[in-house]
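The structure appears below as structure tokens.
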Amino acid sequence: MTSLQPAPGRIRYHLVRLVLKAVTSAYVRTSVVGADRIPAQGPYIICFNHPSWLDPVFFAAHWPDRRRDLYIFGPREQDMRQGARNALITWTRRGVPFQPRGHDVIDTTRRTVGVLRSGACVAIAGEGRLSDHEGDILPLETGLAHFARLARAPILPVAVVGTRWISFGSRVAMRVGEAVEPGIYGGGRSGARAMTDEVEARLQALLAGVEEREPPGWLGRTISEAFNERPWLEETRTAGESDAG
């Protein structure tokens, strides 16, 4: 079982934010479009597209809502005690980790809903894994709708643009859409699916006109791909080589 750590103290919470903001701002320019759509009261879920491992970093550094603590749903890890990245996430106390293949689904739900009921907001990559193209999203998973209904928290679609490939001086934008309220949807799986489909439609609309960037130079590629894991691409490549052979 992966338990949720105590909430970060105010000094640690804002120190992490300031350091990440300083580091990212020294390399790229970041903007938030539609910040006035952020709910004025109560907790909420941020549902974002996920083209890069950098997405949670930019949320932690630049999300403009300072009235609530921000948590990141993830990472998907069997053991958070292993690896430098996991050690950093554990120290910041911003993560809501869960185990691969949903082995701890009940505990994960309890932890996530508990964070929301405490008044915080949780950023969730609704696709469930990295996407392959920045302008297109994969079908969203219904888990975020279940969280929203249990916590009575709206879902705020936010499109992340510019993180798939970053380079010195490039732009990253977070486009905020209209929140989806859980109270207007029915119960059960059909209600969760309908709510998820609406979030997906609004998120995809926020990505209208976004085109793929060409990979940057060595430094930009190295940063962009540092912790990206896309095993399905390797499997496809291997299968193609086997068929050709």
Backbone N under 18 Å from the R213 label point (7 Å along Cα→Cβ), restricted to segment 123-162: 131-137, 159-162
Between segment 102-142 and segment 157-185, the Cα center-to-center distance that results, in Å: 15 Å
Label point distance in nm, I106-F227, each placed 7 Å from Cα along Cα→Cβ: 3.0 nm
Gain on full stretching of the segment that runs from I11 to A26 - 0.36 nm per residue minus C-alpha separation: 3.2 nm
Residues whose placed amide H lies under 5 Å from that of V33, excluding near-sequence neighbours: M174, R175, V176
Residues with amide H under 5 Å from that of D104, placed H, sequence gap 5 or more: Q99
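None of the figures in this text is laboratory data; all of them are computed from the coordinates on show. Because the structure is predicted, anything quoted here is derived from the model rather than measured. Please note: Cβ atoms are built from the backbone with ideal geometry, for glycine as well, and neighbour counts cover all protein chains shown.
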